[in-house]
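What follows is a set of notes on a single structure, which appears directly below.
What follows is calculated from the coordinates using simple rules that are stated; it is not laboratory data. Predicted, not measured: the structure shown is a model, and the values here were computed from it. Because the Cβ atoms are built from the backbone with ideal geometry, glycine has one as well, and the counts that use them run over all protein chains shown.
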Amino acid sequence: MAESTLMTAEGLEELRDELHRLETEERARVVEQIKTAREWGDLKENAEYHAAKDAQSRLETRILRLREKLLNAEVVEAGASSDGMARFGATVTFEDERSGRSQSFRLVASHDANPSAGALSVESPIGAALNGRGVGQVVEINTPKGVRRLRITAVS
């Protein structure tokens with residue numbers, strides 16, 4: 001049995017929208033590319049045809065992966081818990097005790113993680129340390145440069 005994929009209701013809707021777009025618009029575009037390339041002659045030495053077939057293969061693989069995610073999707077309510085603890089979907093602000101630098105990240109599933117855009121996986125070392133913690137708590141994360149102590153300043 002495949003492992004469930006945590007996501008918000010919004011994330012599930014975005015996944016469905018992407019799958020629909022790939023199965024309709026993108027498939028039609030690739031089929032048209034293949035048709036056009038076939039008209040150009042000998043398929044053995046037709047680079048456009050082979051490129052279009054490669055694009056079709058990548059598209060079908062992406063569609064299968066999205067379908068699998070949808071089948072294994074587990075929708076969870078996003079945001080801070082009623083007791084103010086960080087959890088999936090919450091935005092957590094913390095301050096590095098050593099540098100004094102403050103950062104905010106939204107805790108998301110690993111497939112949605114994008115630290116430069118403020119989305120941190122709950123499965124990452126920092127995300128896992130913050131998950132289930134509240135304002136005022138300090139978490140310690142072992143890094144190659146030593147232990148990092150982060151004080152949580154806000155959870156929303």
When the charge dipole of the chain is computed with +1 on Lys and Arg Cβ and -1 on Asp and Glu Cβ about the Cα centre, the Cα farthest towards its positive end, among VAL76, ALA52, PHE88, belongs to PHE88
Please count, across the chain, the pairs of lysine residues with Cα atoms under 28 Å apart that sit 8 or more places apart or on different chains. 4
Among all stretches of the chain without exposed GluC sites (Glu not before Pro) (DSSP loop, at most 11 other Cβ atoms within 10 Å), which one is longest? 78-156
Amide H of VAL108 versus every other amide H placed in the peptide plane: which residues, excluding those fewer than 5 positions away on the same chain, fall under 5 Å? GLY89, LEU120, SER121, VAL122
Which value in deg cm²/dmol, rounded to the nearest 500, describes the helix-derived mean residue ellipticity at 222 nm for the chain, given -39,500 (n - 2.57) per DSSP H run of n ≥ 4 and division by the residue count? -11500 deg cm²/dmol
Magnitude of the Cβ-charge dipole (Lys and Arg +1, Asp and Glu -1) of region 91-155 about the Cα centre, nearest 20 debye, reported as 180 debye
Using θ = phi - 60° and the Karplus form 6.51 cos²θ - 1.76 cosθ + 1.60, what ³J(HN,Hα) does each residue of region 53-67 get, whole Hz, x for Gly and Pro? 5, 5, 4, 5, 5, 5, 4, 5, 5, 4, 4, 4, 5, 5, 4
Assigned charges on the beta-carbon of Lys, Arg, Asp, Glu; region 32-132 dipole about Cα centre (debye): 120 debye
Taking the Cα centre of region 5-75 as the origin and placing charges on Cβ (Lys, Arg +1; Asp, Glu -1), which of THR24, THR5, THR36 is farthest toward the positive end of the dipole? THR36
How high is the relative contact order of region 91-155? Use alpha-carbon pairs under 8 Å, at least six apart in sequence, and give a whole percent. 35 percent
Which one, PRO125, THR153, VAL108, is farthest towards the positive end of the dipole of region 91-155 when Lys and Arg carry +1 and Asp and Glu -1 on their Cβ? THR153
Taking placed amide H atoms and a strict 5 Å upper bound, the residues 5 or more places from LEU6 or on another chain that come that close are GLU74
Return a whole-number percent for the relative contact order of the chain, with Cα pairs under 8 Å and 6 or more residues apart as the contact set. 21 percent
Quick calc, region 5-75, dipole around Cα centre from Cβ unit charges on Lys, Arg (+) and Asp, Glu (-), nearest 20 debye, gives 240 debye
Suppose we take every Cα in the chain and form the convex hull; what volume per residue is that in Å³? 163 Å³
Suppose R0 equals 30 Å; then what is the FRET efficiency for GLU3 and ARG27 from their Cβ-Cβ distance, rounded to the nearest 0.05? 0.60
Taking the Cα-to-Cβ direction at GLN103 and at LEU12 and moving 7 Å from each Cα, how far apart do the two end points lie in nm? 3.1 nm
